[in-house]
1. Which percent of the accessible area of region 90-224 is formed by carbon and sulfur heavy atoms (probe 1.4 angstrom)?
2. Among the trypsin sites (Lys or Arg not before Pro) within region 94-134, which fall in a DSSP loop and have no more than 10 other Cβ atoms within 10 Å of their own Cβ?
3. List the residues, sorted by chain then number, that are 5 or more residues from residue 72 or on another chain and whose placed amide H is less than 5 Å from its amide H.
Amino acid sequence: MTAAPQTEVPAPPSGPPAREEVGAVKPRRNMRLVLLGIALAVIFALLAVWAVNRAGEARSVVVVANDVRAGDEIRASDLATTRLRGGEDVRTVPASRLDSLVGRRAMQALPAGSLVTENNFEQRISPRSGDVIVPIAVTAGQYPASGLERGDVVRVVVTGGGQSVEGLEPGTSFDGVVLALGPQGDNGTMTVDVSISSGDAASAAAASGTGRISIINVAPGGTGQEG
């Protein structure tokens, strides 16, 4: 028999198969972006602190110290200052402007303790179109006990005690609107500025000078200067 040819099989390698070395990939960090993020975080933190402090910051504003009637001239003693915290949307007058309000007229009644705005005051009260301002001096009993306010529609009536006054028969009247109220004197006399038609102004002033006159409140809180 002829022996079969033999094929040589290479011997297996003596050690484990070699593996291809793969280098580790390190993440790349952009230091500029990192620093920018830190800076923004610091800025936002500072803004938050500023906003909190701002919300709690008190400011000095003007308030009414004594009750003020509509039309009254403002005196320094009528105003004071207080500290107001928050309420940035509330319209106020800074304490530094208190002196600028003295001498102006109140547009409406201002109770003590209330905050004020520039719109609460005007520099000078003007009569209605075609009218003039007539000062009417009255005492208790010559005007309603309930009082008068600026804007009240009134009727100035000649009383006369049954006698004519400056040629005006008792019962003669003049329609007008209260513009301002003066302080009440020690004898109870008070001057009321009334807007009266220019044609009646002289007669109304003459009647007022005699003291034989009364003011009737026809429409409390009426049409005011727009009447």
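1. Carbon and sulfur: 49 percent of the exposed surface of region 90-224.
2. On the way: sites: 97, 104, 105, 124, 128; in loops: 104, 124, 128.
Those that pass, being in a loop and sparsely packed, are 124.
3. Residues meeting the criterion, in which the H sits 1.01 Å from N, are 106, 181.
The values are calculated or read from the model by the stated rules, or taken from the named source; none is laboratory data. Please read all numbers here as calculations on a predicted model, not as lab measurements. In this analysis, Cβ positions are derived from the backbone assuming ideal geometry, glycine residues included, and neighbour counts consider all displayed protein chains. Remember, those area values only see protein heavy atoms, side chains included, never the ligands or the DNA or RNA. Shrake-Rupley method; radii C 1.70, N 1.55, O 1.52, S 1.80 Å.
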